[in-house]
1. Work from the charge dipole of the chain (Cβ charges, +1 for Lys and Arg, -1 for Asp and Glu, about the Cα centre) and give the residue of Val220, Thr64, Val255 farthest towards its positive end.
2. Taking the range 171-241, which GluC sites (Glu not before Pro) meet the DSSP loop condition and have no more than 16 other C-beta atoms within 10 Å?
3. Give me the dipole magnitude in Debye, nearest 20, for the chain about the Cα centre, with unit charges on the beta carbon: positive for Lys and Arg, negative for Asp and Glu.
4. Show me the trypsin sites (Lys or Arg not before Pro) within the range 1-48 that DSSP assigns to loop and that have at most 10 other Cβ atoms within 10 Å of their Cβ.
5. Could you give me the ³J(HN,Hα) list for the range 191-199, computed from phi with Karplus coefficients 6.51, -1.76, 1.60 and θ = phi - 60°, whole Hz, x at Gly and Pro?
6. Positive end of the dipole of the chain, charges at C-beta (+1 Lys, Arg; -1 Asp, Glu), about the Cα centre: which of Ala289, Thr176, Thr199 has its Cα farthest in that direction?
7. Count neighbours as other Cβ atoms within 10 Å of each site's Cβ, and list the GluC sites (Glu not before Pro) in the range 7-84 that are DSSP loop with at most 16 such neighbours.
8. Treating only the Cβ atoms of Lys and Arg (+1) and Asp and Glu (-1) as charged, compute the dipole magnitude of the range 132-282 about its Cα centre; round to the nearest 20 debye.
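We did not get these values from a lab; they are worked out from the coordinates using the rules stated. It should be emphasised that the depicted structure is a prediction, and the values quoted were computed from it without experimental measurement. Don't worry about glycine lacking a Cβ; one is built from the backbone with ideal geometry, like all the others, and counts go over all protein chains shown.
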Amino acid sequence: MPRHFRDVDDLSPAELETVLDTAADLKHSLDRGEFETHLSNRTLAMLFEKPSTRTRVSFETGMTQLGGHAIFLGPEDVGLDGREPIADLSRSISRYADAIMTRLFDHAQLEAFCEHATVPVVNGLTDDAHPCQTLADLLTIREHLDSDSSIAWIGDGNNVARSFVVGCGMVGLDLTVCTPEEYAIDEGVLDRARKFGGTIEETSDPREAAAGAEAVYTDVWVSMGQGNEREAKLAVFREGEFQVNADLLDSDTQVLHCLPAHRGKEITEGVLESDRALVWEQAENRLHAQKGLLTVLLDAI
């Protein structure tokens, strides 16, 4: 059976470390001008229902650097559950490509792809989870922070937050999750994270969460596809003072954001463009982390 990557804990903690180690090795090789073509003559099919910048460019570039090839399939190319059932699509593409990356709204559609695929399926994002982003986040934290650092998530309990919480649990990071009560992370996700170790705390007070944190992570308050909730959500987050700004942070606190960022809402221009921001390292590490993941999933090392 193929190994799928629907969320971070489809890997064991040991396998997660292997992916991060592989990503780091590939990054260092690239820094030396060396290309490790572990996926020579391999093909990744990329199915996009949701638009993307970083996901498409990082996966496509990563496959090229590894000696392989990536094929982009947009909504008009596929017609999910319209022109043909997902089961048929998954089985057909499995006969052509060595792996499938999907970027979808409905997590159930991802599960359907996995059920019928005979090659590894990678979750490039659903409304429930964004595990590839978490790989990049953990690689960035490994590079810039100590292993016993405390991290605070301040903002919406969205798909990025859910995968990040589980990833922090798997590597033993101490994490404080700060969300409005009505937009909190599901208890089931917190339970998944806590079973691995580390400390996962909850609060609805941004100042409490940020106090003493080595890094603060935030994301947009209104995710793609939530336009009908926009005004209600913005009011809640503004009233609770969930914006990551200079007044909230200690002088040496570093800042994470998965992008795109809405300057003046969840984060200020001054913080995003400051030396404390690790945001651009995170964005770059999408490339390296996904190269590590594909290399491991396709048993190429």
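1. Of the candidates, Thr64 comes out farthest on the positive side.
2. On the way: sites: Glu181, Glu182, Glu187, Glu201, Glu202, Glu208, Glu214, Glu229, Glu231, Glu239, Glu241; in loops: Glu214, Glu241.
Loop-located and lightly packed - Glu241.
3. 1040
4. Values: sites: Arg3, Arg6, Lys27, Arg32, Arg42; in loops: Arg3, Arg6, Arg32, Arg42.
Passing both the DSSP loop test and the Cβ count: Arg32.
5. For the range 191-199, the Karplus-derived couplings read 5, 4, 5, 5, 5, 8, x, x, 10 Hz, x marking Gly and Pro.
6. The one lying farthest along the dipole's positive direction is Ala289.
7. Numbers: sites: Glu15, Glu17, Glu34, Glu36, Glu49, Glu60, Glu76; in loops: Glu34, Glu36, Glu49.
Answer in residue order: Glu34.
8. My answer is approximately 460 debye.
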